[in-house]
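Reviewing the structure listed below.
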Amino acid sequence: MSSNTQRAELQSQIWKIANDVRGSVDGWDFKQYVLGTLFYRFISENFSNYIEGGDTSLKYSELSDDIITKEIKDDAIKTKGYFIYPSQLFINIAKTANTNESLNNELAAIFTAIESSANGYPSELDIKGLFTDFDTTSNRLGNTVMEKNSRLAAVIKGVEGLNFGKFEDNHIDLFGDAYEFLISNYASNAGKSGGEFFTPQSVSKLIAQLAIHNQISINKIYDPAAGSGSLLLQAKKQFDDHIIEDGFFGQEINHTTYNLARMNMFLHNINYDKFNIALGNTLLDPHFGDEKPFDAIVSNPPYSINWIGNDDPTLINDERFAPAGVLAPKSKADFAFVLHALSYLSSKGRAAIVCFPGIFYRGGAEQKIRKYLVDNNFVETIISLAPNLFYGTPIAVNILVLSKHKSDNTIQFIDASGIDFYKKETNNNILTNKHIEQIMEMFDRKENINYVAHSVEYEKIIQNDYNLSVSSYVIARDTREVIDINVLNVEIKNTVSKIDQLRAKIDKIIEVIEL
C-alpha cells in the first residue's frame with residue numbers, strides 16, 4: 001500500500017470514528033475528544049519508543065510502575081518534557097476501556113499527572129493545560145457516568161484500531177497528518193468559527209514559501225495569530241533542508257486553539273525546547289519581545305476585528321505602532337497586526353500575511369499606514385488570491401509580503417485570482433502545487449506579465465494616493481468578444497437590404513390578395 005493510499009484510508013477511518021461516536025454531541029464541540037485521544041495515543045507511543053530506545057526485547061507498557069526510579073523519571077522529563085508511567089499509557093487504558101466503570105475519572109487523573117510531571121522543569125509552560133479541553137466530566141459526553149464512559153470508550157477503542165504502521169518508519173508523519181485532517185474537517189464543517197483558526201494547507205504552503213524564499217537558514221519563525229499552528233508547521237514541512245535554528249514561536253488568543261497548536265507541535269515531533277506558543281492578546285499583550293527579531297513571519301490574522309485602538313492613548317507610543325504615527329481603526333485591526341509583524345521582523349527576513357482586500361484602498365488611518373509602509377520601502381509584493389479558498393468565507397483575500405532588505409523601491413502586484421490559479425474541489429477552491437510554483441516563480445523573477453503581474457515604481461504609487469489594490473495596477477484581461485466595426489457595418493447593411501427585399505415581396509403578395 002502506497003503512503004498516499006494508506007493516508008487516505010486512515011483519514012477515512014478517523015472521520016468515521018468522529019461521526020460514529022459523537023452521537024448527540026455537536027461535531028464542533030466534540031472535536032477536543034477525538035483530537036485529544038489521538039494526542040494521548042501519540043505521546044504514549046512516542047514516550048514508550050523513547051524509553052525502549054530501540055531495544056526490541058523491552059516493552060515499556062508491560063513494566064510495573066514500581067521499577068521507575070527518580071533518576072529515570074528526571075532524565076525523561078528533561079528530554080521529552082513530560083513523564084508517563086506504564087499503567088498510564090494509552091495502550092493499557094484502551095485494554096479495559098469498555099468495562100472500566102471509572103474510566104472518566106481515571107483519564108482525568110492520568111491527564112493531570114502527565115501535566116504535573118513537568119512542574120518545576122523547563123517544559124512546564126509547554127505542557128501545562130494541554131488536556132484542559134478534554135473534560136471527562138462534561139455533560140456533553142452524557143448525563144450519567146455510564147453514558148460518559150460509554151462515549152469515551154468508543155473514542156478510545158476507535159483510535160486504538162487505527163493502523164499507523166511502525167513508529168520509527170512513518171508514525172509521526174501519519175499521526176500529524178491525521179491530526180491536521182481532523183482539524184481541517186472540523187473547521188470546514190464549523191464554517192466561520194472553525195475557519196478562523198485554520199489556514200487551508202494549500203494556502204499555508206504558499207505563505208511559508210514566500211516567508212522563507214531564498215533564505216538558506218533562519219534564526220526562528222513566528223506567527224502572531226497562530227491558530228492551530230498550521231502555518232508554522234507548513235514551514236517545517238516545506239523546508240526540511242533549511243535550518244530553523246531556534247525553533248517555532250506563536251501567540252494565540254483562544255485557549256482551546258492555543259492547546260490545539262501545542263498538541264500539533266508535539267504531533268509533528270517538534271520537541272518542547274524547539275517551540276514556544278504563548279496564550280494572550282497579541283495586540284495588547286504581545287509576547288516574545290525579547291526573542292525578536294524573527295527571520296520569517298507567517299500569519300493569517302482575523303479580518304477586520306474590533307480592538308481598543310485610540311481609546312487607549314498609550315498605544316500610539318507603542319514601539320510597534322508609533323513609527324506609523326497613527327493607529328489602525330477601532331473597527332478594523334488589520335493593520336495593527338501588520339505593524340506588529342513588521343516590528344518583529346529582522347533586517348534579512350520576510351513576513352507573509354493574509355489580509356482583507358479593503359485595507360489596501362480604504363482612506364483615513366489605513367491610508368496613512370500604507371503611506372508609512374510605502375515611504376519606508378517595506379512592501380515587497382501584494383498578491384490577490386482566488387475566492388473561496390478559506391473555510392467559512394468566499395472572500396478573495398490578498399497576501400502582503402513585507403521585507404526590510406529590498407534592493408529597489410518598486411512594489412510588485414500579482415493577480416492570482418483567475419481560473420488559471422485555482423482548482424475547484426468540493427465546496428472550496430484550492431491551490432495546487434503547480435499554482436504555487438507559478439506564483440513563486442513570478443514572485444522570484446519580479447517580471448511584468450500581461451494581465452497577471454506588474455512591478456510599479458514608487459512615484460506612481462504616490463500619484464495614486466498610496467492605493468495598493470492589485471486591480472489598480474494589473475489590468476484585467478478583456479474577455480469580451482472583439483468586434484470589427486467595419487465588418488459589423490457590412491453585416492448590418494446586408495441585413496437591411498434583405499429586410500427591404502422581404503418587405504417588397506410581402507407588398508406584392510398583399511397586392512395580389514387584395515385583387
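The values are calculated or read from the model by the stated rules, or taken from the named source; none is laboratory data. What you see is a predicted model; the values in this text were computed from it and never measured. When we count neighbours, we look across all protein chains shown, and the Cβ atoms used for this are built from the backbone with ideal geometry, even at glycine. Areas reflect the complete protein model, heavy atoms only, side chains present, ligands, DNA and RNA absent. Shrake-Rupley method; radii C 1.70, N 1.55, O 1.52, S 1.80 Å.
Quick rundown of the values:
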read-out	value
Residue list for the range 422-461, restricted to those being of a type in the set (A, V, I, L, M) and touching a helix residue (DSSP H, G or I) at 6+ places or on another chain (Cβ under 8 Å)	430, 431, 436, 439, 440, 449, 452, 453, 461
Test: residue in the range 325-342 that is part of a helix (DSSP H, G or I) and farther than 19 Å from residue 224 by Cα	no
Failed criterion for residue 329 (all others in (1) without any contact (Cβ under 8 Å) to a residue 40 or more places away in the chain; (2) crowded, with 23+ Cβ neighbours inside 10 Å hold)	(2)
Residue 404 vs. criteria open to solvent by 80 Å² or more (accessible area, probe 1.4 Å), in contact with a Ser or Thr (Cβ under 6 Å, 6 or more places away or on another chain) and closer than 24 Å to residue 207 by Cβ	no
Among (1) crowded, with 23+ Cβ neighbours inside 10 Å; (2) part of a strand (DSSP E or B), the one test that residue 348 misses	(1)
Top-ranked residue of the range 362-379 - restricted to ones that are touching a Leu at 6+ places or on another chain (Cβ under 7 Å) and open to solvent by 20 Å² or more (accessible area, probe 1.4 Å), ranked as nearest to residue 220 (Cα to Cα)	378
Restricting the range 214-267 to residues that are basic (Lys, Arg) and open to solvent by 10 Å² or more (accessible area, probe 1.4 Å), the residue that is nearest to residue 342 (Cα to Cα)	220
Residue within the range 31-54 that is modelled with pLDDT of 70 or more, outside any helix (DSSP H, G or I) and over 21 Å from the mean Cα position of the chain (by Cα) present	yes
The listed residue being more than 24 Å from residue 472 (Cα to Cα) and either modelled with pLDDT of 95 or more or under 21 Å from the mean Cα position of the chain (by Cα) (or both), out of 393, 426, 410	426
Qualifying position, being among the polar types (S, T, N, Q) and farther than 26 Å from residue 369 by Cα, among 464, 486	486
Residues of the range 305-324 that turn out to be in contact (Cβ under 8 Å) with a residue 12 or more places away in the chain, farther than 16 Å from residue 341 by Cα and in a helix (DSSP H, G or I), as a count	3
Given (1) in contact with a helix residue (DSSP H, G or I) (Cβ under 7 Å, 6 or more places away or on another chain); (2) open to solvent by less than 40 Å² (accessible area, probe 1.4 Å), index of the condition residue 341 fails	(1)
Close pairs from the range 272-298: first within 10 Å of residue 224 (Cα to Cα) and of a type in the set (Ser, Thr, Tyr), partner crowded, with 22+ Cβ neighbours inside 10 Å and at pLDDT 95 or above, Cβ under 6 Å, at least 6 apart	282/224; 282/251
Exclusive hit being of a type in the set (S, T, N, Q) and either at pLDDT below 95 or under 22 Å from the mean Cα position of the chain (by Cα) (or both), set 346, 384	384
Filtered residues of the range 291-318 (kept if of a type in the set (Asp, Glu) and either surrounded by 15 or more Cβ atoms within 10 Å (Cβ to Cβ) or under 19 Å from residue 350 (Cα atoms) (or both))	291, 295, 318
Residues of the range 457-471 that turn out to be surrounded by fewer than 18 Cβ atoms within 10 Å (Cβ to Cβ), out of contact with any Gly (no Cβ under 9 Å at 6 or more places or on another chain) and modelled with pLDDT of 95 or more, as a count	8
Any chance residue 276 is in contact with an Asp or Glu (Cβ under 8 Å, 6 or more places away or on another chain) and crowded, with 24+ Cβ neighbours inside 10 Å	no
Flag for residue 133 being open to solvent by 20 Å² or more (accessible area, probe 1.4 Å) and closer than 27 Å to residue 228 by Cβ	yes
